[in-house]
Amino acid sequence: MREDEDVASALGIDVVYVRLIAFATGAMLAGFAGGLYGHYMVFVAPDHFSILISVFVVLYVILGGVNNMWGPVVGALLMTLIPEFVRDLAEWRTAFFSLLLVLLLLVRPDGLLTFRTRTVRKP
């Protein structure tokens, strides 16, 4: 279903139902995690969820790779360690991570752990 919805539909898989189940499962897990976070922090404010946190989550996935299960894990590890090395550049931190995101999207658009297979065209 992830690769080609038309083929999945041709094989008799109800694409709308599978999408609905995937969305509901993700929403359930996110709600459960939010409830646990609220219980753990005792107080939840909008300041806890800034735009920088959202950018970091996107960088986790982009840095590691979308089509790989270990890609976001490696991306999260790298994005946890890199700020420790650039701690002295506090005023340039946002510019540094923006440049990292742009360079990564130009050089490795599929992520660091995604390897493209070369296809050979027949003449």
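The values are calculated or read from the model by the stated rules, or taken from the named source; none is laboratory data. Quick caveat: nothing in here was measured; it's all calculated off a predicted structure. No Cβ is skipped: glycine too gets one built from the backbone with ideal geometry, and neighbour counts run over all protein chains shown.
Taking the conditions exactly as written (over 16 Å from the mean Cα position of the chain (by Cα), in contact (Cβ under 8 Å) with a residue 12 or more places away in the chain and not assigned by TED's automatic domain parsing to the domain that holds LEU113), does VAL15 satisfy them or not? Before you say what the answer is, go through the steps one by one.
On the way: over 16 Å from the mean Cα position of the chain (by Cα): yes; in contact (Cβ under 8 Å) with a residue 12 or more places away in the chain: yes; not assigned by TED's automatic domain parsing to the domain that holds LEU113: yes.
Here the answer is yes, as VAL15 does meet what is asked.
Residue check: MET28 meets all listed conditions (1) under 18 Å from SER98 (Cβ atoms); (2) more than 15 Å from the chain's Cα centre (by Cα) but one, namely (1). Selection within the stretch 1-52: residues that are of a type in the set (Phe, Trp, Tyr) and surrounded by 10 or more Cβ atoms within 10 Å (Cβ to Cβ). The member of this set that is nearest to THR94 (Cα to Cα) is PHE49.
Yes or no, residue by residue, for (1) in a helix (DSSP H, G or I); (2) at pLDDT 80 or above; (3) touching a Cys at 6+ places or on another chain (Cβ under 7 Å):
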| site | (1), (2), (3) |
| --- | --- |
| SER9 | yes, yes, no |
| ALA22 | yes, yes, no |
| GLY26 | yes, yes, no |
| ALA33 | yes, yes, no |
| PHE43 | no, yes, no |
| PHE56 | yes, no, no |
| PRO109 | no, no, no |
